[in-house]
Amino acid sequence: MVRLYTNNLKIGYGERLIVKDLSVEIPDKKITTIIGSNGCGKSTLLKAITRIIPHQSGNVVLDGGDISKENTKILAKKMAILPQTPESASGLTVGELVSYGRFPYQKGFGRLTKKDYEVIDWALEVTGTKDFKFRPVDALSGGQRQRVWIAMALAQETDIIFLDEPTTYLDMAHQLEVLELLQKLNQEQERTIVMVLHDLNQAARFADYIIALKDGQVIKAGDCKEVITHDVLKKVFHIDAEVGTDPRTNKPMCITYNLLKGEEKNEETVNSIHAAAVASY
């Protein structure tokens, strides 16, 4: 049984339709990665699934119920989201920020309980940020801050965690650090991880299931060997890609690529293609 799926989902901003009649299933206890060029609807889809933004028609179903009708605190106990650009944590210590993840469980005056403190310490321990507990978030490196935000998501104790481009602005080492942490959470705690990634080789390396979007529609969904192919990348990114095999993981990898000739592409699309195909290791 699939716990989470969308059915004929339409999402737009004003009169502009971004996602059109989209039906996708999110495999339970797996890592799902969404890929596609800038503006194709990746982040919009994540925001709609997690009810950050409304959808115009269709529905998002979790555990047999429409999330639009779900109580906010109950929904927050089932899914957590780390946005592409988290809100500023200026003035907060690491421990204070992670404690915000306990909001769905607070009652009355919102005081933290013994259970809350235990979960916070556990989240810090799992993400390797316990030594930073009393340090200001602003004093941490980019990779450290990203792990702290993940710790806050873990403190929600949800089975499903959404992440919108969790490796953005991080160097190669910190990108791998974050992705290996997410993989560990999936393998050891069976957390369902859903994330947007620009790097195709990272998507192939870490994802169990990949959804390739173009213009708000699914071009291909499946495991990495089904999605990271010459034909799919041609349709999604308008590139002529040479796809080989990663000698360390035996998974497909984009070795090199060229823009397809003969069609005009605007500067924004060209930049998004470049960002998506660059390998980070």
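The values are calculated or read from the model by the stated rules, or taken from the named source; none is laboratory data. Only a predicted model underlies this, so the values are computations on that prediction, with no experimental measurement involved. Positions of Cβ are generated from backbone atoms using ideal geometry, with glycine treated the same way; all protein chains shown enter the neighbour counts. Only protein heavy atoms, including side chains, enter the accessible area calculation; ligands, DNA and RNA are left aside. Shrake-Rupley method; radii C 1.70, N 1.55, O 1.52, S 1.80 Å.
At 20 °C and a viscosity of 1.002 mPa s, what translational diffusion coefficient does Stokes-Einstein give for the stretch 1-65, taking Rh as the Kirkwood radius over Cα pairs? Give it in µm²/s as a whole number.
Details: Rh = 12.2 Å.
Stokes-Einstein gives a translational diffusion coefficient of 175 µm²/s.
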Averaged per residue, what accessible area in Å² does the stretch 93-189 show with a 1.4 Å probe, protein chains only?
50
If I model a spin label as a point 7 Å beyond the Cα along the Cα-Cβ vector, how far apart are those points for Lys133 and Phe103 in nm?
2.3
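Just in the stretch 1-82: which GluC sites (Glu not before Pro) are loop by DSSP and have at most 14 other Cβ atoms within 10 Å? Mind dumping the intermediate values first?
Numbers: sites: Glu15, Glu25, Glu70; in loops: Glu15, Glu70.
Passing both the DSSP loop test and the Cβ count: Glu15.
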I'm a student and want to see the number: the projected area of the Cα convex hull of the stretch 123-237, averaged over all directions, in nm².
7.9
With every protein chain left in place and a probe of 1.4 Å, what is the accessible surface of Lys29, to the nearest 10 Å²?
100
Modelling each spin label as a point 7 Å along the Cα-to-Cβ direction, I'd like the Asp28/Asp231 distance in nm, to one decimal.
3.3
Going by Cα centres, the stretch 68-119 and the stretch 193-241 are how many Å apart?
32
Give the calculated FRET efficiency between Glu180 and Asp223 to the nearest 0.05, with a Förster radius of 25 Å applied to their Cβ-Cβ distance.
0.80
Relative contact order of the stretch 1-150, pairs being alpha-carbon contacts under 8 Å that are 6 or more residues apart, as %
20
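For the pair Thr249 and Tyr13, what calculated FRET efficiency results from E = 1/(1 + (r/R0)^6), where r is the Cβ-Cβ distance and R0 = 45 Å, to the nearest 0.05? Numbers along the way, then the final one.
On the way: r = 38 Å, r/R0 = 0.84.
For Tyr13 and Thr249, the calculated efficiency is 0.75.
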Counting only heavy atoms of the protein chains, get the accessible area per residue of the stretch 192-254 (1.4 Å probe) and round it to a whole Å² value.
40
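With each run of n ≥ 4 DSSP H residues scored as -39500 (n - 2.57), what mean residue ellipticity at 222 nm is computed for the chain after dividing by its residue count and rounding to the nearest 500 deg cm²/dmol? Write out the running numbers ahead of the final one.
Working: 10 runs with 94 residues, N = 281.
Only helices count here, giving -9500 deg cm²/dmol.
Exactly which trypsin sites (Lys or Arg not before Pro) in the stretch 196-261 are in a DSSP loop and have at most 16 other Cβ atoms within 10 Å?
For trypsin sites (Lys or Arg not before Pro) across the stretch 196-261 that sit outside H, G, I, E and B with at most 16 neighbouring Cβ atoms in 10 Å, the list reads Arg248, Lys261.
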Heavy atoms of the protein only, probe of 1.4 Å, neighbouring chains included. What is the accessible area of His198 in Å², nearest 10?
40
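Roughly how many percent of the accessible protein surface of the stretch 111-223 is carbon and sulfur, given a 1.4 Å probe and a whole-percent answer?
Working: 2160 of 4780 Å².
Of the solvent-accessible surface of the stretch 111-223, carbon and sulfur hold 45 percent.
Among the listed pairs Lys69/Lys225; Lys133/Lys225; Lys73/Lys214; Lys47/Lys220; Lys10/Lys225, which are separated by more than 31 Å between their Cα atoms?
Working: Lys69/Lys225 37 Å; Lys133/Lys225 41 Å; Lys73/Lys214 33 Å; Lys47/Lys220 21 Å; Lys10/Lys225 29 Å.
Over 31 Å apart, Cα to Cα: Lys69/Lys225; Lys133/Lys225; Lys73/Lys214.
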Going from most exposed to least, what order do Met195, Met152 have by accessible area with a 1.4 Å probe?
Met152, Met195
Against the globular-protein guess of 2.2 N^0.38 Å, express the Cα radius of gyration of the chain as a ratio, rounded to two decimals.
1.02
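With the contact rule set at Cα under 8 Å and sequence spacing of 6 or more, what percent relative contact order holds for the chain?
Working: 542 pairs, mean separation 62.9, N = 281.
Worked out over the chain, it gives 22 percent.
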